[in-house]
Amino acid sequence: MIIRTDCRCCRGESLIEVFNLGEQPYANAYLSAEQLGLPEQRCSLVLCECADCGMIQLRHVVDATDLFSNYSFLTGSSQRMVRHFAELMRENIARYVPANGLVVEIGSNDGTALSTIPSERCRRLGIDPARNLSDIAHERNVPYITEFFTEILARKVLQSHGSASLIVACNVMGHVDDLDDLCRGVKLLLHPDGALVIEVPCANWMLSRTEFDTIYHEHLSYFGIRPLATLFSRHGLRVTQIRTQEVHGGSVRLTMLHGEGHSGQVTPWVEGEMRQRDWTAFGGRCEESRERFIRWLTKARDGGRLVVGYGAPAKATVRLNYCNIGTDLLPLVVDSTPNKQGKFIPGTHQPICDPSRIEEQITSDVVILAWNHEQEITTKLAGYKANGGRVSSVITLPGN
Ligand code: TMP
Ligand code: ZN
């Protein structure tokens, strides 16, 4: 673990602490039954804001190999995300990739996005350090390099595959400490007429929607347009398009080409996001959210109702730990990801079971912790609801 004292977008050194979640376990470090009795690794979770460019980043940077060699989030577990990435690839390949051109995905996870591209249309290459995910990608016949994307790796790929017409990096920039190295790699590998397309969750939405559960050790950065534009222009890449996306609690998709001078879209975005961010109000709303969740669970338990949490993403770990909700208040969570089942939530120790447990047990309430998938999960629970089960989302629980 290191403490970062400069902004990773503008390299300024005026970082101001704005929000502190205390000592937290690693959100994706699901525990086996044997690990339950052992001490858990914890690390401070503190957000800082750059006074120069408005970048928001964690003060403590955990060693990436600890977090990413065995990664439990599978893109393919959500049908909505599969459709989302298929559309992204289809649109950008049509625009930027000639026949047999190269598409590189940084942070290619289980190969979901690349597998939507017909292999006869262009050459595909996934790059991701998670060994467990590369196995899945290989099964899908997606060419894959099991490493972190760095300038050194970019040089090797350039030699072995030639330049890339399209480089895609979705929900990966926030995980990378050395963004200068990543940008140097992109600059090197990207074809002169090629495009870089990135997607990142949007920091201002995180704030305005009180999405404190998206703050965890793997998410080193919480971007706005201004810090990103600053970063890319330092590397000779210009932002040509900004689009909002309703995924991961509100994201932005940016397209970059080689060259200087950002699109006219950038200035109004920057002005909008630099209007005052109210961290005190955000902190107050986080507290309220915590109190509301505890009150709701306590009332359910005292009324003899069995509540099950739906979804065990990292954000469930953060919320349960921030609210300090143990198995007395929430005895069980379910998740459709096979490699999470049989494990336990870090810190608060709820067992993670197959969703079929909801129908098997006399569950009276389901509270959706993976709130960004509310619609998809609610659809799956239609039968349960028809039998009188109640379904709520953790972010819209009633206040009493
Ligand atoms: P995410 O919030 O990081 O996208 O993770 C979503 C989690 O929710 C992931 O662990 C899979 C789980 N999930 C289900 O269990 N059932 C579902 O229907 C969906 C969409 C997700
Ligand atoms: Zn900065």
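Here's a check for you: in segment 1-21, which residue that is closer than 30 Å to Asp335 by Cβ and touching a residue at least 40 places away in the same chain (Cβ under 8 Å) is farthest from ligand 1 (Cβ to nearest atom)? That would be Met1. With respect to Thr348, determine if the residue is assigned to a loop (DSSP other than H, G, I, E, B), away from ligand 2 (no atom under 16 Å from the Cβ) and surrounded by 15 or more Cβ atoms within 10 Å (Cβ to Cβ). Taking the combined requirement at face value, the residue satisfies it. Taking the conditions (1) more than 20 Å from the chain's Cα centre (by Cα); (2) within 16 Å of ligand 2 (Cβ to nearest atom) in turn, Thr240 satisfies each one other than (2).
Report, by residue number, each residue of segment 35-75 that is part of a strand (DSSP E or B) and not hydrophobic (A, V, I, L, M, F, W, C). The answer is Arg42, Ser44, Glu49, Gln57, His60. Among the residues of segment 320-345, those that are part of a loop (DSSP other than H, G, I, E, B) and either within 16 Å of ligand 1 (Cβ to nearest atom) or basic (Lys, Arg) (or both) comprise Leu330, Asp335, Ser336, Thr337, Pro338, Asn339, Lys340, Gln341, Gly342, Lys343, Ile345. Just one of the listed residues (Pro355, Pro346) is modelled with pLDDT of 95 or more, over 24 Å from Gly22 (Cα atoms), touching a Ser or Thr at 6+ places or on another chain (Cβ under 8 Å) and not aliphatic (A, V, I, L, M), namely Pro355. Right, Ile294: of a type in the set (Val, Ile, Thr), away from ligand 2 (no atom under 16 Å from the Cβ), at pLDDT below 95 and loosely packed, with under 15 Cβ neighbours inside 10 Å or not? Considered against the rule, which asks whether it is of a type in the set (Val, Ile, Thr), away from ligand 2 (no atom under 16 Å from the Cβ), at pLDDT below 95 and loosely packed, with under 15 Cβ neighbours inside 10 Å, Ile294 comes out as no.
Take Thr317 and decide whether it is in a helix (DSSP H, G or I), modelled with pLDDT of 95 or more, over 26 Å from Asn20 (Cα atoms) and out of contact with any His (no Cβ under 7 Å at 6 or more places or on another chain). Taking the combined requirement at face value, the residue does not satisfy it. Among the residues of segment 173-228, those that are more than 21 Å from Leu369 (Cα to Cα), assigned to a helix (DSSP H, G or I) and among the hydrophobic types (A, V, I, L, M, F, W, C) comprise Met173, Leu179, Leu182, Cys183, Val186, Leu188, Leu189, Ile225, Leu228.
The values are calculated or read from the model by the stated rules, or taken from the named source; none is laboratory data. These figures come from a predicted structure and were not determined experimentally. Neighbour counts are summed over all protein chains in view; Cβ atoms, including those assigned to glycine, are modelled from backbone coordinates with ideal geometry.
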